1. Across region B:148-165, in residue order, what do the Karplus-derived ³J(HN,Hα) couplings come to in whole Hz, using 6.51 cos²θ - 1.76 cosθ + 1.60 with θ = phi - 60° and x for Gly and Pro?
2. What lysines could a cross-link reach from residue B:377, if we take a straight Cα to Cα line under 29 Å and drop same-chain neighbours fewer than 8 places away?
3. Checking the cross-link filter: which lysines have an alpha carbon closer than 26 Å to that of residue B:659, excluding same-chain neighbours under 8 positions apart?
4. Going by C-beta contacts inside 10 Å, put A:269, A:153, B:303 in order with the fewest on the left.
5. Averaged over peptide B:271-281, how many Cβ atoms belonging to another chain are found within 10 Å of each residue's Cβ?
6. Let's test the formula: R0 of 56 Å, r as the Cβ-Cβ distance of residue A:223 and residue B:501. What FRET efficiency results, to the nearest 0.05?
7. What ³J(HN,Hα) values, in whole Hz, does the Karplus curve 6.51 cos²θ - 1.76 cosθ + 1.60 give for region B:465-472 when θ = phi - 60°, with x put for Gly and Pro?
8. Compute the orientation-averaged projected area for region A:17-216 from the convex hull of its Cα atoms and round it to one decimal in nm².
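No value in this document is a laboratory result; all are computed from the given coordinates. The shown structure was predicted, so the numbers you read here are calculated from the model rather than taken from an experiment. No Cβ is skipped: glycine too gets one built from the backbone with ideal geometry, and neighbour counts run over all protein chains shown.
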Amino acid sequence: MAELGAGSLQVGDPAFNYQEREFNERLKRLYPAVNEEETPLPRSWSPKDKYSYIGLSQNNLRVHYKGHGKNHKDAASVRAAHPIPAACGIYYFEVKIVSKGRDGYMGIGLSAQGVNMNRLPGWDKHSYGYHGDDGHSFCSSGTGQPYGPTFTTGDVIGCCVNLINNTCFYTKNGHSLGVAFTDLPPNLYPTVGLQTPGEIVDANFGQHPFVFDIEDYMSEWRAKIHSMIARFPVGERLGEWQAVLHNMVSSYLVHHGYCATAMAFARTTETIIQEEQSSIKNRQRIQKLVLAGRLGEAIDATQELYPGLLERNPNLLFMLKCRQFVEMVNGTDSEVRCFGTRSPKSQNSYPSSPSLSPRHGATNPHLHTTDSPTCSNGVTSKNKSNSKYPGVSSASSSSSSSPSSVNYSESNSTDSTKSQAHSGTSNQETSDSEMEIEAEHYTNGLADASSARIVNGTYKHEEILQTDGHGLGNGLAEDGSTSRQLCGGNLAATERMIQFGRELQALNEQLCRDYGKNPTHKKMLQDAFSLLAYADPWNCPVGQQLDPTQRESICSALNSAILESQNLPKQPPLMLALAQANECVQLMARVRAGSCSFARIDSFLH
Amino acid sequence: MACMLEAPLRISVLSEVTATSRHYVDRLFDPDPQKVLQGVIDMKNAVIGNNKQKANLIVLGAVPRLLYLLQQPSSSLELRTECAVVLGSLAMGTENNIKSLVDCHIIPALLQGLLCQDLCFIEACLRCLRTVFISPVTPVQLLYPDPTVIPHLMSLLSRSQRTQEYITQIFSHCCKTPEHQTILYNHGAIQNIAPLLNSPSYKVQMQALKCFSVLAYENAQVSMTLVNVLVDGELLSQVFVRMMQRDRPIEMQLTAAKCLTYMCRAGAIRTDDTCIVLKTLPCLVRMCSKERLLEERVEGAETLAYLMEPDVELQRIASVTDHLVAMLADYFKYPSSVSAIADIKRLDHDLKHAHELRQAAFKLYASLGANDEDVRKKITETENMMDRIVSGLSESSIKVRLAAVRCLHSLSRSVQQLRTSFHDHAVWKPLMKLLQNAPDEVLVMASSTLCNLLLEFSPSKEPILESGVIELLCSLTQSDSPALRVNGIWALMNMAFQADQKVKVEIVRALGTEQLFRLLSDPDANVLMKTLGLLRNLLSTRPHIDQIMSSHGKQIMQAVTLILEGEHSIEVKEQTLCILANIADGNTAKELIMTNDDMLQKIKSYMGHSNVKLQLAATFCVSNLIWNEEDALPLCLCPGSQERQDKLREMGFVDILHKLTQASDPSLCDSLFLLSSRAKTAMQQYLA
């Protein structure tokens, strides 16, 4: 029995696994916009949604007729297990005629949920089919229209649904036969119908390469949609349009505290920056402290510069303190640093720059769901942080135009429609060189100090960031190295940490009393304290917390809070726009606008 | 009065204009080279986009001076370059400008300039040359007289993207004949241009692609080489396939499809190759769709027609691809009634392309229906198809008429269509009209179609006969073109098949025996065959045989003798023997053979010929000679039969017949079996 044969395909069967993987990859490539958790793709015929005269085999891909086949009353159909998701944009499946049986009365097409299965596709309302015996197309009607050639044993018939213009065309042996149906309703299921004994057909929902070059057809539509987007009129007030774009770039730079670049950009584009320069620098300083893991100083600075802010945001304060505790474990925070033999000021396991260029695209698909942009400076590997020597990195950091860096500062660009430009050209001299630091030339901060090219001089006076040129005392970032010890290995520091932990615990209790229980806080605290349970906190199940990249979320939360307190937007408009665009595309899929498949945001972000 | 007032005014305006133009020209003659340079630069700025200024400067003789400065070795490189730029700008004007430039021998001067080392100067020269050569008024052979030019151009291909673009563009416009193709091929055009297909510049890619399309067109040598060329490790055909991807610019898709089409037609790629069946053909069908520009649709349809002309499988596939047959019907809807009202510009555009569209559609229909009966049926069932063909036959544009008649010819190969739609729409009427006064190429197609319409089962045969077609066909047999002579005589042959005595007499009378015999000595074997066929059809049924032989017997017998004695193919001789057999079938006509001993000897010898077909025909002839005139009556009962029998026996025919019945193994093959049975029948006459 074929069913048994199919069932015997074990998961462990390597050939089967390979096929399955290939199948999944093909579907992912063909329909990248489909979220299969929301709208699963058709992958086989439904053993439930079929007429009794239909038999299924071979993983529910083979359909055979098992009725009497006396007349049209014996017709039988089967639908795929799922309807075609609109987010496919263009959907395609093929059916191979294994045997035309007695008369070859076979219909291939589409039907909506609930359409009578004791019929061939096309005969009823919301049902569409192309029939092999006469080559006619049936559009919700018992009488067909001349459409294409007849088909029989050995032929491969394809059915393509275009969800952008709601049309359908068929293919025969790889040749397009032209449009068969227009104005199709949504949520159609691939459907086949048979009517006489011996008729057998096999479906290919992407399990195998298609005979027809559907990807070529898709590429045409992708190009169409892209050019439609590119040509979309932005109205006659082009000047304002440009100003809007300038403001978006400028506000993004300001938000993340790229002070010098923002100033340079504003100068070239003649835009005005709302926030005062000193305020930007303050924020920048605080961000740097957070990213350097010096939370204690960051909290102090915040309290000094923005009195009352943290008092009004106890949750934020708690988060900061939790982080401070983690950094103490890490040995980075100045409260434990001061116990060390080396200069506390020199310790910096993080680049001194708030390199907050957020990552776009696939890695952050749910950008819009968090209330602050997920910031990442592109550092994915903590191992890298100390791998470069000052000499090397200073060279790379001084050349501010890294090819991989995302930089929104092409101020001299006249092409205002390009909201994102590659790293600047003319303004590279004036831009804050530290900003551009990316994974490739990621330094531990020493480089910047030893380099004479801190062009905007923002930190020249800030001795806290001045480092002794050879202060490679921060062993923390040297992943897995033996030099890494709890609180830098200092006993007094460890005591201070434990002391701090108690204070933290007290704060939590205080908060619980004032505001009620907060499971998030509890979890945070638990995680932080768990670090102490391990001999080597860096290599433990909760060790992830010690990763410097973990500072980014708290950093942006603090930044947003400060901005909010100054009555400035807590998110930069650019990120809002991006998140909105992303949301729109997902919304398009939900409202069945097929073109969303070819309007991917990531294909516009370079 | 008004005129008198205006005239002097106009002159003064004109003189003012020429005065400023003259100033530019005068500055070219300044003794100070620096001032000359400034003068040329100012001239450059003055002529850009100003056709009037360009014409003025040419009239005032700026061109020879610029050419002089360009060629002068003492001129600075900067000056020479600026001169080339100005000349290039002048060439961008009207066709008259180009003519003037060519008349001033600008081409050799610029080609000479290419020998300079300076890239800027070379590029300026090439740009100007390109502009001159792409103009339809420039004779392309001007590129070829100097044999060093092409190799030098090839060597310049490596200099820059601009040189690549201009040179390939020059090549693709100047390659018009097989000789040109050979010259370019021999100078390594393929190897030099192939890498440019992967150029980062779209313009270079496109021009290189166009080059390959003109090089490969009807050229087996080039095409065979092309299939084996690798570009960055990829086969050229695959590069072309990539360029046909649906997200590529239409121009690129179309030109790549042309390249593959030409390679296929030249025999370098099989018609069942996937790159043709699954890529080129669908791409060309797409080019015919309503979404494409009118020019693209014309080019797409013509290329597709050419691609599938010889291959029935491609015709079948195309006929079901994307509703092509219905899609083509749209080609006849220009200018549409909407465009006339909507805007004049569009109407003008539509009008300009309407003829082109129609002829392209007819060509494609002709190709589609060339071989497959089902496809023909589908075409004739397209809305108003036959009406469109009928009106196409009488259109003013010769191209449309030719294409329409080609289409009709294609469809006329269908017995069913001849019987139905052809008759219903009386297509013979416009066809006859077309035959009255048309250029040869139209005549060939039209007369060929007429041949089919004159087939015995065609209901159009009668009305055509009544329209006095015989004279017309007879005049065709006197044409210088072999194709027309064949068609003329072929049509007469079809007409004479099972025709009335009246028609046959009319054919013989109209053609005249003299012309008939001239055709029997025609150098074209096809003409000879069809003439013999005509004779054979004329000489059928006894009364007709006797009547024609009584009036023209002598000449016909002479002609038959001549052909049997001459150097001719087996088919010709067989046909001739069949004519003899027909003559032998006549009552009185028989005697013409019986009294001709020489002819009897010939027949005898053909009975012993090594070729069975000839043996069969000769035996057939003898059998008819013996056979009784009153069909069923045995030979012995008829007057005169005994004499014939005796004479044939005397000449040894009986022995040969006997041998044939013995020697031929009936099982060998059909014709041998036929032969022996035929001999046996003849023998039986004797036995009776």
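1. Rounded to whole hertz, the list is 8, 5, 4, x, 5, 4, 4, 5, 6, 4, 8, 6, 7, 4, 5, 4, 4, 5.
2. Qualifying lysines at Cα under 29 Å: A:96, A:100, A:172, B:258, B:279, B:290, B:333, B:363, B:399, B:429, B:433, B:461.
3. Straight-line reach from residue B:659, under 26 Å: B:573, B:590, B:602, B:604, B:613, B:647, B:680.
4. Numbers: A:269 18, A:153 15, B:303 26.
Neighbour counts put them in this order, fewest first: A:153, A:269, B:303.
5. On the way: counts 0, 0, 0, 1, 0, 0, 3, 7, 3, 0, 1.
Taking all residues of B:271-281 together, the mean is 1.
6. Numbers: r = 71 Å, r/R0 = 1.27.
According to the calculation, E is roughly 0.20.
7. Values, residue by residue: 4, 5, 8, x, 6, 4, 4, 4 Hz.
8. Values: hull surface 40.0 nm².
Across all orientations, region A:17-216 yields a mean hull projection of 10.0 nm².
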